[in-house]
Amino acid sequence: MMAQLQQGGPDEKEKTTALKDLLSRIDLDELMKKDEPPLEFPDTLEGFEYIFNEKGQLRHIKTGEPFVFNYREDLHRWNQKRYEALGEIITKYIYELLQNECHLKKVTLPVDAIESEPKSFIFMSEDALVNPDKLLVLIHGNGVVRAGQWARRLIINEDLDSGTQIPYIKRAIEEGYGVIVLNPNENYIEVEKTKAQIQLSSDISDEPAEKRERKDKIQKETKKRRDFYEKYRNPQKEKETMQIYIRDNGSPEEHAIYVWDHFISQSAAENVFFVAHSYGGLAFVELMIQREAEVKNRVTAVALTDSVHNVWHQEVGKTIREWMRENCCNWVSSSEPLDTSVESMLPDCPRVSAGTKQQRSPASKAKRFQGQFASRFLDSLTTSRWWPGEGGAWLVAAAFTLAGF
């Protein structure tokens, strides 16, 4: 901007002079007093002064009010970091509920992990591998959610029933299902980089020495300006970290295949059923590609909700597409009435409306379906044909999508 003004006539030069004078009058020390507070947050719900009440709603301990994102005005970054810190605590809280209320056991991955290597885990019912009749496998979408969750936003802003898998897990167990809850986003651990690692990463380059020198010169010339700007915009420079991936579980796709190989395929259940949301649908399709014969032999039906799989991009073969047309159904956000067929450009499984146009519809709508889903959907899974209208299989997707996924 300054350069453009300097290229103009007398009027522009006067504006430039005035702008320089204005900038010289700014008290930089006074500006820096408005820096954000330290990025240090409590490590418990009570520390945040929040608790889940008897309805599963997150409420402030003293005021009883819902969670407030804008805790500090004009500090969006700090508020976001606070929200993320609370989300991590809630994730651990959900893990505890899976174990204490759903009576699932936590199983470490890889199964042969040594003490020093990064690890992940899944949850499963005690009878998951020995139930001779039926097994239900749940796969959530991508992002910050972890095992037992559908949407962190709903857990915080609505309630546990809307945002977690817990109501479905409990009823599935009541209906005699074994249950396995995947954890496809737990792919790595983060560790802080040492100074030597930071320097090494900045030194490594395939560029010619001359080009690298020119780039270094430009970087040095702008460093002071950038450092000052960053000091005001982001006064708390966060630590540099590196990711160490978990063996054989470094992506949602790898995770799904690993859990299939070591658990699902080893189970005794005659009928295996999947419910996969969003990216979880893509992970399931990748599992089919890699283990086609096994999946066809063991899996009875698959309920997909707003699945992001793509049979062309994933290079899904004809035999898999034919199987998906007979055994899968994808409920998607749509303005069409619930259960109406939705046109698709992809030649795979049927797509039907979940009865809502926006993915972020009020979660209260979903609650009308949750009780019905538990009994009718689980019962319908055991039928040879479970399309919409033939036992209410659509209810699971309706509940998920109407809940705002």
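The values are calculated or read from the model by the stated rules, or taken from the named source; none is laboratory data. Nothing here was measured: the structure is a model prediction, and the numbers come from that model. Here the Cβ positions follow ideal geometry from the backbone for every residue, glycine too, while neighbour counts run over all protein chains shown. The area values use the complete protein model at the heavy-atom level, side chains included, leaving out ligands, DNA and RNA. Shrake-Rupley method; radii C 1.70, N 1.55, O 1.52, S 1.80 Å.
Here are some notes:
- Listed conditions (1) free of Cβ contacts under 8 Å to residues at least 60 places away in the same chain; (2) open to solvent by 70 Å² or more (accessible area, probe 1.4 Å) are all met by R82, apart from (2).
- If you filter the stretch 234-284 down to residues that are within 21 Å of N297 (Cβ to Cβ) and part of a strand (DSSP E or B), you find that the one that is most open to solvent (accessible area, probe 1.4 Å) is N271.
- Any hit, the stretch 287-305, residues being farther than 25 Å from D127 by Cα, modelled with pLDDT under 90 and touching a strand residue (DSSP E or B) at 6+ places or on another chain (Cβ under 6 Å): yes
- Filter result (farther than 24 Å from S162 by Cα, open to solvent by less than 40 Å² (accessible area, probe 1.4 Å) and in contact (Cβ under 8 Å) with a residue 60 or more places away in the chain) within the stretch 36-79: E36
- Residues located in the stretch 125-169, provided they are of a type in the set (S, T, N, Q) and either assigned to a strand (DSSP E or B) or open to solvent by 10 Å² or more (accessible area, probe 1.4 Å) (or both): N131, N142, Q149, N157, T164
This table checks each residue for (1) at pLDDT 85 or above; (2) closer than 30 Å to F123 by Cα; (3) outside the structural domain of D159 (by the TED database).
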position	(1), (2), (3)
R25	no, no, yes
D43	yes, yes, yes
F48	yes, yes, yes
I61	yes, no, yes
R72	no, no, yes
A85	yes, yes, yes
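- Residues of the stretch 94-117 that are open to solvent by 60 Å² or more (accessible area, probe 1.4 Å) and touching a residue at least 12 places away in the same chain (Cβ under 8 Å): Q99, E101, H103, K105, K106, T108, V111.
- Among the residues of the stretch 290-312, the one identified as part of a strand (DSSP E or B) and surrounded by fewer than 19 Cβ atoms within 10 Å (Cβ to Cβ) is T300.
Table: residues versus (1) touching a helix residue (DSSP H, G or I) at 6+ places or on another chain (Cβ under 9 Å); (2) hydroxyl-bearing (S, T, Y).
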position	(1), (2)
V316	yes, no
I320	yes, no
N330	yes, no
S333	yes, yes
S344	no, yes
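- Taking the criterion of being open to solvent by 70 Å² or more (accessible area, probe 1.4 Å) and among the β-branched types (V, I, T), no residue of the stretch 170-193 qualifies.
- If you go through the stretch 289-310 and keep only what is over 22 Å from the mean Cα position of the chain (by Cα) and among the hydrophobic types (A, V, I, L, M, F, W, C), you end up with I289, A293, V295, V299, A301.
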